[in-house]
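The values are calculated or read from the model by the stated rules, or taken from the named source; none is laboratory data. Remember, it's a predicted structure, so these values are computed and weren't measured experimentally. Neighbour counts are summed over all protein chains in view; Cβ atoms, including those assigned to glycine, are modelled from backbone coordinates with ideal geometry.
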Amino acid sequence: MRRLPVVFATLVTAAALLLAGCTTAAQPAPPASGGADQGPLIVYSGRNENLIGPLIERFREDTGLAVEVRYGDTAELAATILEEGDRSPADVYLAQDAGALGALAAAGRLAPLPDEILQRVDARFRDPDGRWVGLSGRARVVVYHTLTLEPEDLPDSIYGFTDPAWRGRLGWAPTNGSFQAFVTALRLTDGEEAARDWLEGIQANEPRVYANNTAIVQAVGAGEIEVGLVNHYYLYRFLAEEGEDFPARNYTPRAGGAGAMMNVAGAGVLGTSTRREAAEAFLRYMLSEDAQRHLSEETFEYPLASGVAPHPLVTPLEELAVPDIDLGSLADLEETLRLLQDVGVL
């Protein structure tokens with residue numbers, strides 16, 4: 001099936017989530033058959049099979065539980081769950097970002113999780129109402145060209161890049177989901193006008209537009225641009241493949257704020273699940289030390305379970321000035337997309 005253009009597809013998904021949030025706000029019906037724990041555990045996964053598949057296979061082997069996985073785009077799977085409603089066969093929803101989890105929680109599709117699962121993760125990286133939990137984190141950073149810049153050459157906050165001195169030197173990916181989540185965070189933390197002013201300031205500096213984070217990091221390494229707005233882990237993939245001589249490094253804005261936000265990949269249990277016990281066991285497994293180390297080593301993302309250190313190449317979490325945001329509120333994409341269109345970014 002032909003894929004919709006990125007912007008249009010995102011708009012359709014955002015509208016579907018908004019509508020479902022308005023029309024299905026009631027709590028889901030109780031599981032069928034009194035919550036009988038029968039049949040395979042069904043996981044809807046917005047995480048790539050190459051990444052999460054080995055962990056799911058290890059879960060099968062270690063627990064003896066049967067698991068069926070439906071892989072797909074995070075937002076599309078969330079929309080599917082909302083469309084399925086009380087008839088959804090899914091037990092667990094694995095999401096690439098917190099916004100989709102927030103949308104399902106707001107629509108009443110996720111069940112409260114036990115405290116012993118929630119407390120494995122810092123409160124900043126789970127739902128305030130306990131309906132989903134983060135499994136791994138992705139920090140927003142500025143990747144810079146090391147042959148022309150030092151960290152001290154970079155501004156304290158992302159607002160500094162609106163200075164005309166940065167004209168033609170910066171790259172971004174406005175159609176990318178992680179960039180749009182960042183703009184949503186900027187709106188929530190600093191207000192609509194500040195977000196608009198920042199977008200207009202960057203736009204005035206004639207940034208180069210790229211399709212995704214990978215293309216930005218590659219362009220910085222090639223010297224095509226000097227700085228780019230990305231998630232932290234893309235750089236480490238280049239360093240792993242090309243070695244320490246690859247001329248790009250990450251910079252986390254010293255002043256913190258939305259420019260240093262941490263989004264999460266996470267999971268929740270459907271309120272209509274008939275395998276609640278197995279579903280919660282699945283989440284415990286994903287927060288185990290072995291699973292968290294696997295996520296860290298395979299993707300360079302931040303492990304979020306207490307006591308598990310990030311990859312040695314990655315800046316320790318405690319050194320980041322991560323803003324305090326309800327990550328579930330990143331589902332508020334509709335206004336972000338409207339703003340991006342208003343200022344001519346999309």
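Here are some notes:
- Qualifying residue in the range 256-268 (condition: among the aliphatic types (A, V, I, L, M), in contact with a Ser or Thr (Cβ under 6 Å, 6 or more places away or on another chain), buried (at least 20 other Cβ atoms within 10 Å of the Cβ) and in a strand (DSSP E or B)): yes
- When residues in the range 245-273 are screened for being more than 28 Å from Gly160 (Cα to Cα) and modelled with pLDDT under 95, 1 of them pass.
- Restricting the first member to the range 117-142 and to residues that are within 13 Å of Val269 (Cα to Cα), and the second to residues that are basic (Lys, Arg), the beta-carbon pairs closer than 7 Å and six or more apart or on different chains are Ile117/Arg284; Leu118/Arg126; Trp132/Arg126; Val133/Arg126; Gly134/Arg126.
- Residues of the range 177-206 satisfying the condition of being β-branched (Val, Ile, Thr) and surrounded by 18 or more Cβ atoms within 10 Å (Cβ to Cβ): Val183, Thr184, Ile202
- Here Asp86, Asp73 are screened, and the one residue that is out of contact with any helix residue (DSSP H, G or I) (no Cβ under 8 Å at 6 or more places or on another chain), in contact (Cβ under 8 Å) with a residue 12 or more places away in the chain and either under 15 Å from Ala111 (Cα atoms) or among the hydroxyl-bearing types (Ser, Thr, Tyr) (or both) is Asp86.
- Leu135 vs. criteria under 26 Å from Phe300 (Cβ atoms) and surrounded by 22 or more Cβ atoms within 10 Å (Cβ to Cβ): yes
- Hey, Arg284 over 25 Å from Ser178 (Cα atoms), buried (at least 24 other Cβ atoms within 10 Å of the Cβ) and over 14 Å from the mean Cα position of the chain (by Cα) or not: no
- Residue count for the range 110-127, restricted to those that are in contact with a helix residue (DSSP H, G or I) (Cβ under 6 Å, 6 or more places away or on another chain) and more than 24 Å from Glu289 (Cα to Cα): 1.
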